[in-house]
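First comes the structure, then the notes that go with it.
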Amino acid sequence: VKSALESTDPIAGTLRLGGVDEGYTQVRYQGYRLKDGSLSVTLVDVEEERQLRRLSELNELRLHGALKAANAARLSLERDTGALQLPNLAVAMLQLTPLATIEDLISRIDETYQDDFRSRILRKEEFIEPFDHLYPVRLPDEEERWIKFTVTNEGSKRLNLTLVDLTELKVIEFQQRDLIQQLEFASGLAGISIYEEYLEQRRLQPIVVSPDQSFEFPASDHLLLCVPSKYHPAIFDAQSTLGSAVEFPFTADSGEIFWLKYSVISEYQRAGEQRRLIILQDITARVKQYEALLASIAEMDIARKDLETRADRERQMFAVIGHELLTPAANIKMLLDEIQGD
């Protein structure tokens with residue numbers, strides 16, 4: 001205002017009008033000094049325009065940030081020409097040139113899946129059926145990526161494609177699959193089962209169950225009902241000390257008794273609920289072998305004591321026999337000595 005009053009040049013710009021209580025609004029102004037020295041000002045409320053522009057920019061930033069954070073990209077396909085509109089994210093993800101066509105894109109997909117992708121996206125219908133599918137993509141440097149393609153219509157002449165790089169998740173999936181196979185193999189060999197226990201819900205979710213396990217294992221509150229009370233303190237200690245193990249007899253619903261080795265190897269919180277990871281091993285066969293070994297040792301100890309008793313008796317008997325033989329033998333020797341002397 002001061003500048004406009006002190007010169008003949010008009011002023012223009014934007015400013016915020018209002019107050020803390022009433023709030024502010026964005027206005028565009030234009031002002032100039034009149035001949036009588038007063039100031040003429042034109043104000044236009046552009047708050048809605050500013051909000052829309054800001055929202056559009058913010059949404060664009062959010063979309064770009066979300067796509068980048070999710071290893072994703074968006075591109076569009078002109079159906080008539082096969083030309084692609086490729087943003088930088090898509091160019092980097094697929095290692096294509098900015099002028100690439102749909103055939104260039106298809107060539108990146110593994111040969112086994114190219115016909116499937118082509119049949120889905122190059123249909124002659126006015127509107128294709130939207131789809132999303134995961135395809136392996138092989139880049140020029142022979143690196144394999146797993147990319148999820150989501151395709152939707154934008155009018156009858158254009159398709160929108162959203163690409164999400166799920167390679168890391170796919171690798172983790174393969175690793176988890178291998179790990180589960182290894183766990184199942186180890187479980188079958190060692191009779192090991194793995195459970196996830198939901199403490200608040202008081203339930204067990206089996207992760208890997210030994211194929212030889214013939215009973216249903218309960219959650220902690222029901223477990224104590226199936227175990228003799230003298231083992232309860234050891235079970236509490238095992239639950240509070242990660243990695244420690246306790247062995248106890250367990251009575252199944254069928255009434256059969258099993259010996260189990262129980263250990264809590266991890267405790268964590270997920271989805272707002274406390275959980276823990278339990279390893280359970282059926283050691284019934286080992287305990288029975290141990291009991292059989294103890295019984296065998298006891299039998300051997302009894303047999304050893306019996307042999308020692310028999311040996312003592314035989315020593316006493318041979319001592320008596322030796323004594324009884326010693327006197328006539330001495331007499332015979334004397335007679336032989338006399339005969340030889342004669």
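None of 231, 262 is aromatic (Phe, Trp, Tyr), open to solvent by less than 50 Å² (accessible area, probe 1.4 Å) and closer than 17 Å to residue 205 by Cα except 262. Here are the criteria: (1) surrounded by 14 or more Cβ atoms within 10 Å (Cβ to Cβ); (2) farther than 30 Å from residue 200 by Cα. Tell me which single one residue 300 does not satisfy. Of the numbered conditions (1) surrounded by 14 or more Cβ atoms within 10 Å (Cβ to Cβ); (2) farther than 30 Å from residue 200 by Cα, the odd one out for residue 300 is (1).
Just to check your reading of the model, which residue among 171, 91 is free of Cβ contacts under 8 Å to residues at least 40 places away in the same chain, part of a helix (DSSP H, G or I) and surrounded by 15 or more Cβ atoms within 10 Å (Cβ to Cβ)?
Working: 171 fails: surrounded by 15 or more Cβ atoms within 10 Å (Cβ to Cβ).
Of the residues listed, the single one that is free of Cβ contacts under 8 Å to residues at least 40 places away in the same chain, part of a helix (DSSP H, G or I) and surrounded by 15 or more Cβ atoms within 10 Å (Cβ to Cβ) is 91.
On inspection, residue 211 does not qualify as touching a Cys at 6+ places or on another chain (Cβ under 7 Å), touching a residue at least 12 places away in the same chain (Cβ under 8 Å) and part of a loop (DSSP other than H, G, I, E, B). Number of residues in region 1-46 that are hydrophobic (A, V, I, L, M, F, W, C) and assigned to a strand (DSSP E or B) equals 9.
The values are calculated or read from the model by the stated rules, or taken from the named source; none is laboratory data. Note that the structure is predicted; figures quoted are calculated from it, not measured. Positions of Cβ are generated from backbone atoms using ideal geometry, with glycine treated the same way; all protein chains shown enter the neighbour counts. Note: accessible area is taken over every heavy atom of the protein model, side chains too, but ligands, DNA and RNA are not part of it. Shrake-Rupley method; radii C 1.70, N 1.55, O 1.52, S 1.80 Å.
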